[in-house]
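The values are calculated or read from the model by the stated rules, or taken from the named source; none is laboratory data. The structure displayed is predicted, hence computed values, not measured ones. Note: ideal-geometry Cβ built from the backbone for every residue, glycine included; neighbour counts use all protein chains shown. When the accessible area is computed, the model is the full protein with side chains, heavy atoms only, and any ligands, DNA or RNA have been set aside. Shrake-Rupley method; radii C 1.70, N 1.55, O 1.52, S 1.80 Å.
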Amino acid sequence: MLYFSIAILASIIGSISGIGGGIIIKPVMDCFTALSPSTISFMSGCTVLSMACSSYIRGLKDKVQLNYATTLWLALGACAGGWLGKTVFAIIAANATANVKLIQSVLLLLINLLVFLYLVKKAGIKTKQIKNKLICVIIGFILGVSSSFLGIGGGPINIVVLSFFFSTQAKETAKNSLFIILFSQLTSFITTLATHTVPDVNFFYLAIMCFGGISGAIIGSAIAKKMDNAKTEKFFRNLLIALIVLNIYNIYVAI
């Protein structure tokens, strides 16, 4: 019930806001389970992948459209970044002296703080309209590296990047973010299988979490349809505050 509850609630929230759910699953599982960082990252990634697939399929008929002209190139960059991020994580995790949980918690806290500050100052920030394909690939690559290394799928950083560099509105940002997450997590998953670095995982619990991810995507998509851009952004901002508090607690425990 614990694993299913974490997966479904995180996926509901992730589907509504476009953050993928991993940035919720990762710190919550750090807090409430004794699993290793490698196991948590793998289970989180698989859950996010299940959620993103379900959200994408269900969203094909939505009125909110994907901006394929830029998002496809971002997704391709995220594939390459997903491979590198997973490789770097495997190297650091193999170092017995490295406190992986502390490193990830600090990085998550910094990301959440920066994203929150951006949202607070958003009204006075002039956004861009990037159309250059190479720049899109580079941005996607950076997103893929960070999300794969942290095991969060995409998280708030996707939202800020899409909003700032491509001037997307909240609901459009959420949908395009999930599309990028789908590609980056799929690459990360394939890389883990290909390099035979699948951590010690209880596959029954993993299946439960993936089922929770799919269920959460279905529920989240239904809720998202009833929310406008203002409500989606307010929801996202309140979520960030909760995540910042949780990240600080996890850092305290890891230290």
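Mind checking which residues of segment 19-38 are open to solvent by less than 10 Å² (accessible area, probe 1.4 Å) and assigned to a helix (DSSP H, G or I)? Spell out the reasoning first.
The first filter runs over segment 19-38 and keeps only residues open to solvent by less than 10 Å² (accessible area, probe 1.4 Å), leaving 19-23, 25-27, 29.
Of everything in segment 19-38, those that are open to solvent by less than 10 Å² (accessible area, probe 1.4 Å) and assigned to a helix (DSSP H, G or I) turn out to be Gly22, Ile23, Ile25, Lys26, Pro27, Met29.
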### Task
Could you check Gly144 against (1) touching a Gly at 6+ places or on another chain (Cβ under 6 Å); (2) without any contact (Cβ under 8 Å) to a residue 24 or more places away in the chain and say which number it fails?
(2)
### Task
Please indicate, with yes or no, whether at least one residue in segment 233-255 is β-branched (Val, Ile, Thr), open to solvent by 20 Å² or more (accessible area, probe 1.4 Å), closer than 18 Å to Gly18 by Cβ and touching a residue at least 40 places away in the same chain (Cβ under 8 Å).
yes
### Task
Determine whether Ile111 is within 26 Å of Leu35 (Cβ to Cβ), in contact with a Pro (Cβ under 8 Å, 6 or more places away or on another chain) and open to solvent by less than 50 Å² (accessible area, probe 1.4 Å).
yes
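Conditions tested, residue by residue: (1) open to solvent by less than 20 Å² (accessible area, probe 1.4 Å); (2) closer than 22 Å to Arg58 by Cβ.
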position: Ala174; (1), (2): yes, yes
position: Ser177; (1), (2): yes, yes
position: Ile190; (1), (2): no, no
position: Thr197; (1), (2): no, no
position: Asp200; (1), (2): no, no
position: Gly213; (1), (2): yes, yes
position: Asp228; (1), (2): no, yes
### Summary
The condition from (1) surrounded by 20 or more Cβ atoms within 10 Å (Cβ to Cβ); (2) closer than 21 Å to Leu193 by Cβ; (3) among the β-branched types (Val, Ile, Thr) that Ile16 misses is numbered (2)
